[in-house]
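What follows draws every value from the coordinates through simple rules; no lab data is involved. What you see is a predicted model, and the numbers here were worked out from it, not measured in a lab. Neighbour counts run over all protein chains shown; Cβ positions are idealised from the backbone, glycine included.
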Amino acid sequence: MHHTISKVVKVTTTTSTMRIPTRNTASFALLTAATAAATASAFTTSPSARRAFVSRASSSASSSPSSSVMPFAKKSVSSSSGSHEGLPRHRQAGLSMIFGKLFSDGGAFAAGIDYSKLEHPGPELVKAAEEGRVLVTSDKDPNLAVATFAGGCFWGLELAYQRVPGVAHTAVGYTQGREEGPTYTQVCSGATGHTEAIIVYYDPNEVGYDKLLDTFFGRVDPTTVNGQGNDFGKQYRTGVYFHTKEQEDIAKARFEEEKLLYSKPIASELRPAMPFWPAEEYHQQYLEKGGRSGVPQNAEKGATETIRCYG
C-alpha cells in the first residue's frame, strides 16, 4: 500500500490533499489497515457502505492531534466541462484508480454520481437500475422502445445515434456489470465489469431495430477485442445488448451476416441487456455540447459530418 501511494505522489503534478496521522503510529496503522481493507473490498460493497466507510475514515483522520499532509492524484476529468488530457482515455484516470472507490472528483470523499442533474431519460434509467429492471419501453412514454449498444468510447457512438431519424432520446452510461451506481473512475479501472454504452429510445414506427444495428456496425470494428480506436480495456469492449426476444432474433441474424465480412472472429458481445446506469452529467451529449475542443458537433437528424470522437 505504501509503495503504491509513493508512486502516485512521485508522478502526479496536480494534487489535492487529505490529512492522515503520521506521528501517532497506532492511529496511522489502524487507518492504513482500514483503507487497505476497504479498497480491496470496494467493488463488492454498496454505495451506502462506501460512504459510511469514508465518513468514519474522515472522522478518524481529522480527530488525530498530530497529522501531516499526504497528496494523492487528482482525477483529470472532474470538471464540469469533462475535459480530458491526452490520449488514450484509458490512461487518463490511471493514477486515481487506487482510490477510485473511496474518492471522487479528485479530492472529495466519494458520494457517487449526482443523478439529480440528469435530464430525461436519466431519472427513469436510474430508477429502473436501482430496482434491477431492464427497460423494454420508456416508463414515461411507452410508445418508445429501448436498445443498448457499446462501441468503445461512448461519446462518438452517442452522437451517431442522435443523428438517426426516429431516435427520440439517447444517454451514455455503464452496463453489463454488477456494481451499483458505478462512476467513470470506477469503470475506467476495469474492475466493475461494466462497459461504456449508449442507451437509445426510439420510435419503432419511424426506425426499425435493424437500422439501429446499421449504425452500430457502421461505427465499430467488431473483430477488435476489448477496445476501439485508441481506447483499450474491458470497459471499452463492444456489444449489442438486446432488451426483447425480437431484438435478440434480429441481432443474431445480423451477427451471422457480419461474420461473412471478416476473416477474424467477431469479438463484439451479443448478450441480454443488464441494468443501465447513466454516466455523469458532463458525459451526456458530450460532443454536441462541444467536447474537449469546445466546438459543438452537429446532432441534427440525418447529419453526415465526420464525427470527431474526442471533440
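For a test of the definition: using alpha carbon positions, the gyration tensor, and the 1.5 limit on a/c, classify segment 139-243 as rounded, prolate or oblate.
On the way: a/c = 2.31, a/b = 1.45, b/c = 1.59.
It is oblate, given that a/c is not under 1.5 and a/b is not larger than b/c.
If I take all pairs of Cα atoms in segment 180-241, what percentage of them are more than 16 Å from each other? Roughly 53 percent, rounded to a whole number. Can you bin segment 222-291 into rounded, prolate or oblate? Criterion: square roots of the alpha carbon gyration tensor eigenvalues sorted a ≥ b ≥ c, rounded for a/c under 1.5, prolate for a/b above b/c, oblate for the rest. Cα axes put segment 222-291 in the oblate bin.
Give the Kirkwood hydrodynamic radius (Å, one decimal) of segment 105-180, defined as one over the mean of 1/r across all pairs of different Cα atoms. Provide the component values of the computation, followed by the final result.
Working: mean 1/r = 0.0706 Å⁻¹.
Every distinct Cα pair counted, the radius reaches 14.2 Å.
Counting Lys and Arg as +1 and Asp and Glu as -1 over every other residue whose Cβ lies under 12 Å from the Cβ of Ala303, the net charge comes to -1. Seen from Ala168, the other residues with C-beta closer than 10 Å to its C-beta sum to a net charge of -3, counting Lys and Arg as +1 and Asp and Glu as -1. Checked against a 32 Å cut-off, the cross-linked pairs Lys127/Lys289; Lys127/Lys264; Lys117/Lys259; Lys140/Lys264; Lys211/Lys289; Lys127/Lys259 give Cα-Cα distances beyond that limit for Lys127/Lys264; Lys117/Lys259; Lys140/Lys264; Lys127/Lys259. Between Asn230 and Lys289, the simple label model (points 7 Å from Cα in the Cβ direction) yields a spacing of 2.1 nm. With 10 Å bins beginning at zero, the pair-distance distribution over Cα atoms of segment 170-311 amounts to 10, 37, 40, 12, 0 %.
At R0 = 25 Å, how high is the FRET efficiency between Val136 and Glu305 if r is their beta carbon distance? Nearest 0.05 is fine.
Details: r = 33 Å, r/R0 = 1.32.
Given R0 = 25 Å and the Cβ-Cβ separation, E is 0.15.
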